[in-house]
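Below is one structure, written out as structure tokens; comments come after it.
The values are calculated or read from the model by the stated rules, or taken from the named source; none is laboratory data. Values in this document were obtained by computation on a predicted structure and should not be read as measured data. Cβ placement follows ideal geometry from the backbone for every residue including glycine, while neighbour counts extend to all protein chains displayed.
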Amino acid sequence: MIASPSLLTMVIGFLLVLGPLIIVHELGHYLVGRLFGIKADAFSVGFGKEIAGFTDRRGTRWKLSVLPIGGYVQFAGDMNPASAPSAATDGLTPQERAQTFHVKPLWQRALVVLAGPLTNLLCAVAIFAGFNMIYGRITAVPEVSAIAANSPAQKAGLQVGDRVVSVSGHAIDDFNEIPEYVAPYPGQIVPVEVLRKGRSITVPVQIGAEVEKDRFGNEATVGRLGIAAGRGAIVKVGPLEAVRIGVEQSLGIMRLMATGIAQIFTGERSVKELGGPIKIAKYSGEQLTLGWAPFVGFAALISINLAFINLLPIPGLDGGHLAFYAAEAVRRKPLDLRSQEWAVRTGVALVLALMLIVTINDLASLPIFGG
């Protein structure tokens, strides 16, 4: 087991991961807003008091703020970074008002909001596509070449030579597709369809729970069938194929995140599995010590995480704004300002409560507290 990285390494790793991803996210909002002629009053990396900054020729204040966890673009006409509209009697000229966010058509506002998470997702796709081009794609025939003793597969009656056709109704064309439908579901019984000597057989398999440890001692409980893949190969791919695979990989990770969140709400997984900034810093430092390839791959995972979280329909997040716009599209008019303000306050309270929970989890996982 490798020793944990130093505090300095964790801080550097944290800033190198979160800083660029926040900038990428906010640049997505900014660039699409600019495309639609919306003026940005401020572009901030971090919250709170400004540490350093400058104002460009368009009147946008670019600044670094004291709390580097987060950031925002404040468009013209916004009363605050949460994008609450300013009062109608704000003294703006018609030309100035035409550049404000809230006078733009609904579809333009929705695209500006969606651009942030989408840019994070595209960033991850680009990283995975680059890896696919450099290292190639690992493929393996979905044929069982070996079965572990006393494993779920053996107990269910699977045999060497079985070709896995589907798991939980999901078609399997490559052995590497199996973990997506197995790893998140330890203890659950799933139907596994196999082709054996020309006959299709479906057997119920109770997925085993296995505690895995990485080289830093981090533990995770994952589901396992106890089977090994058939013949495999590393296949070189071109740019278009690399991007297509990158999209599949990114969407697959988002599906796993959605599954994990749903399992926490249903009680299948513990809320202790949630992590926050401290855990991100810890993992960032660990991946940084392993080299740039693992570190950049970890950054892709965090980028997908940011996209996923921001798309949740919680007021105050991008998904909350999109939910407001969906309601506006149905009602043919926006929600009243008071309702939006209360919704945003509730959303912020939920986010703060979640931050408190994950921070407690993070602290409990540190060695000083016996984690």
Number of positions in the stretch 294-352 that are in contact (Cβ under 8 Å) with a residue 40 or more places away in the chain, over 21 Å from LEU27 (Cα atoms) and of a type in the set (Val, Ile, Thr): 2
Pick out the one residue from LEU311, LEU317, LEU306, LEU322 that is assigned by TED's automatic domain parsing to the domain that holds VAL17 and farther than 20 Å from GLY275 by Cβ. LEU322
Any hit, the stretch 133-142, residues being buried (at least 17 other Cβ atoms within 10 Å of the Cβ), aromatic (Phe, Trp, Tyr) and farther than 30 Å from LYS197 by Cβ: no
Those residues of the stretch 276-310 which are touching a strand residue (DSSP E or B) at 6+ places or on another chain (Cβ under 8 Å) and modelled with pLDDT of 85 or more, in sequence order: ILE309, ASN310
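Yes/no per residue for (1) more than 17 Å from SER168 (Cβ to Cβ); (2) touching a strand residue (DSSP E or B) at 6+ places or on another chain (Cβ under 7 Å); (3) among the β-branched types (Val, Ile, Thr); (4) modelled with pLDDT of 90 or more:
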position: PHE216; (1), (2), (3), (4): yes, no, no, no
position: GLY230; (1), (2), (3), (4): yes, yes, no, no
position: GLU248; (1), (2), (3), (4): yes, no, no, yes
position: ILE253; (1), (2), (3), (4): yes, no, yes, yes
position: GLY267; (1), (2), (3), (4): yes, no, no, no
Checking GLY260, GLY285, GLY252, GLY223 in turn, the sole residue that is assigned by TED's automatic domain parsing to the domain that holds GLU177 and surrounded by 13 or more Cβ atoms within 10 Å (Cβ to Cβ) turns out to be GLY223
Considering only residues that are of a type in the set (A, V, I, L, M) and surrounded by 17 or more Cβ atoms within 10 Å (Cβ to Cβ), look in the stretch 40-65 and name the one that is nearest to ALA76 (Cα to Cα). ALA40
Test: residue in the stretch 110-130 that is touching a residue at least 12 places away in the same chain (Cβ under 8 Å) and more than 26 Å from the chain's Cα centre (by Cα): no
If you go through GLY37, GLY91, the only one that is exposed (fewer than 14 other Cβ atoms within 10 Å of the Cβ), modelled with pLDDT under 85 and in a loop (DSSP other than H, G, I, E, B) is GLY91
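Residues being aliphatic (A, V, I, L, M), within 24 Å of ALA220 (Cα to Cα) and buried (at least 19 other Cβ atoms within 10 Å of the Cβ): count how many of those fall in the stretch 150-189. Break it down into steps so the answer makes sense when it comes.
Filtering the stretch 150-189 down to residues aliphatic (A, V, I, L, M) leaves 153, 156, 158, 160, 164-165, 167, 171-172, 178, 182-183, 189.
Okay, now just the ones that are also within 24 Å of ALA220 (Cα to Cα), so 153, 167, 178, 182-183, 189.
Those still in the list that are buried (at least 19 other Cβ atoms within 10 Å of the Cβ) too: 153, 167, 178, 182-183.
Residues meeting the conditions: 5.
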